[in-house]
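First up is the structure itself, then whatever we jot down about it.
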């Protein structure tokens, strides 16, 4: 036994000497990190250290200050450990993340130095400069063999972050492709385009073909990229236009429908308002103008291209929604859109659910609703979760609807993010804490583990500019009070430090409107949750 102990001590001593020896050079090892963007993954690779070691890969929210210092815990989004000299991560990490790798041994953490950091945006070839060159991609084609009527529906792929679009009609291909300035060939131009489609009225044009192109704009009306390639439309003036809104459905097939659905569509020419109809069966009168006999709910909205369902869709089964345009006199404009189906399945929420206000419900960049799942953080989670968020909720409203909206799903884990609307409206932090405590207690009584997220910061100036709403002057103190309470709970995930700028406000690249996080922000929230999930469910 003594001999074994002596050998073990001698071995450990020799390993230690080997690691610290200047002659061997292990203590000066520095990996060279490379990142390649392949398919839907980033592949991180580095050379092996000539020694028995594993590797630690860090994802950071800001560049590290030195290659020999550990990162601040508030900057570290995630850590991955592997015995291999490569790691694959998916595209659901935000661009503004910084990655480095180090070798790890018994005595040294790290062994030698950390690699130089790599930024995902640069690794994918999508630098900030390249973002300014984003180009919409048309998806509607009207060749000579299949011409359009005088009212064609023009569509293109969504441009992430675009608040609205500028569409240009031209007599011939422009003289300035891949630029942001208007063409000398321009016939007409419109900026009244708030989604990725436009029902054009070409009754004014007598020719049989015309060109169009589109570019994205930010909230200030400045170009978010270059014009799309000019697309030719062939026109048959004798065709009778088919006027029907086009459902704009962006729900991934693997995600459950949110408890409070949002419906989105591309509008039609001549409609001032829209009636949305929800049915329990496929409508018996497709391409009609009369309500379906299977109607269970309807709502009319004016001047919008989306609609928030104000009722929780909690009864299991299939649902169908469609929309029709209405003119100023209240008459139908064209016919109902094709019906779009979604399914309510309570079993999909039995593992986890998310509960909160609009940050949980989804949407962002001013023009996007929860119907666009790119703006929902649930899209990027590594585990199944049903979205029980409701836009506009206060912490009091969340507490009031808990029994109705949460208990039927019987989730094992409930991710809770709420209170921002209450606090910025002047509700005292103590009251919000009381209401969050009530939600926690209801969870515990019903065998649900409550997992709180700290409140993200806000940007009052951006909120005022986007919504013309004021924020109470002491918002930061009140947010801090609530977040300190959250950090005293048994189960919580601290997301606030990763979402704050040097002024402890929400930066504009995270949320154009100062409140609703955009795609990068939603990805970041999800990855912070993913990185903490194993710890939080132990």
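Its relative contact order, with pairs defined as Cα atoms under 8 Å and 6+ residues apart, puts the chain at 11 percent.
Between residue 37 and residue 171, the modelled label-to-label distance comes to 3.9 nm, taking each label 7 Å out from Cα in the direction of the beta carbon.
Normalised by the number of residues in region 153-234, the average gap of Cα pairs under 8 Å and 6 or more apart makes the relative contact order 39 percent.
Where does region 386-538 land on Rg(C-alpha)/(2.2 N^0.38 Å)? Intermediate results must be reported in sequence, preceding the final value.
Numbers: Rg = 15.1 Å, N = 153, 2.2 N^0.38 = 14.9 Å.
Region 386-538 yields a ratio of 1.01.
Could you please state, rounded to a whole Å, how far the C-alpha centre of region 462-478 is from the C-alpha centre of region 212-258? Between the Cα centres of region 462-478 and region 212-258 lies a distance of 33 Å. In this simple spin-label model, placing a label point 7 Å from the Cα along the Cα-to-Cβ direction at both residue 295 and residue 92 gives a separation of 3.9 nm.
Which ordering of 156, 533 is given by a fewest-first count of other beta-carbon atoms within 10 Å? All intermediate terms of the calculation are to be shown ahead of the outcome.
On the way: 156 23, 533 18.
So the ranking, lowest neighbour count to highest, is 533, 156.
Could you state the angle between the C-alpha long axis of helix 2-20 and the longest principal axis of the C-alpha atoms of the chain, as a value from 0 to 90 degrees rounded to the nearest 10? The two axes meet at around 60 degrees.
Counting only C-alpha contacts under 8 Å and six or more residues apart, can you give the relative contact order of region 131-275 as a whole percent? Walk me through the numbers on the way to the answer.
Details: 305 pairs, mean separation 45.2, N = 145.
Reported relative contact order: 31 percent.
Helix 395-405 versus the longest principal axis of the chain: what is the Cα-based angle in degrees, 0 to 90, to the nearest 10? Relative to the chain, helix 395-405 is tipped by roughly 80 degrees. Can you give me the C-alpha center-to-center distance between region 147-168 and region 486-538, rounded to a whole angstrom? Using only Cα atoms to place each centre, the spacing works out to 33 Å. Looking at region 244-344, what % of the alpha carbon pairs are farther apart than 24 Å? Cα-Cα pairs of region 244-344 separated by over 24 Å account for 16 percent.
How much length, in nm to one decimal, is gained on full extension between residue 232 and residue 404, taken as 0.36 nm per residue of separation minus their Cα-Cα distance? Write down the numbers at each step before the final one.
On the way: separation 172, 0.36 × 172 = 61.92 nm, distance 5.24 nm.
Extra length available between residue 232 and residue 404 comes to 56.7 nm.
Distance between the modelled labels on residue 80 and residue 328, one decimal in nanometres: 5.8 nm (7 Å Cα→Cβ projection). Overall shape of the chain was characterised from the C-alpha gyration tensor. The equivalent ellipsoid obtained from it has semi-axes of 48, 31, 21 Å, in decreasing order.
Placing a label point 7 Å from the Cα of residue 122 along the Cα-to-Cβ direction, the residues of region 30-63 whose backbone N falls under 17 Å of that point are 31-37, 43-46, 58-63. Counting neighbouring Cβ atoms within 10 Å and putting the fewest first, the residues 204, 321 line up as 204, 321.
The stretch between residue 191 and residue 537, if pulled fully straight at 0.36 nm per residue, gains 119.7 nm over its current Cα-Cα span.
Shown for 114, 413: other C-beta atoms within 10 Å of each C-beta, ranked fewest to most, produce the order 413, 114. Specify the angular offset, from 0 to 90 degrees and rounded to the nearest 10, of the alpha carbon long axis of helix 475-486 from the longest principal axis of the alpha carbons in the chain. The answer is roughly 60 degrees.
Would you kindly calculate the mean projected area, averaged across all directions, of the convex hull enclosing the Cα atoms of region 26-96, in square nanometres?
Details: hull surface 21.1 nm².
Averaging across all directions leaves 5.3 nm² for the Cα convex hull.
Over all directions, the average projected area of the alpha-carbon convex hull for region 153-234 comes to how many nm²?
Details: hull surface 20.1 nm².
Result: 5.0 nm².
Values quoted throughout were computed directly from the atomic coordinates according to the rules given, and no laboratory measurement underlies them. Keep in mind that this is a model prediction, so the values were computed, not measured. All Cβ positions, glycine included, derive from the backbone under ideal geometry; neighbour counts span all protein chains shown.
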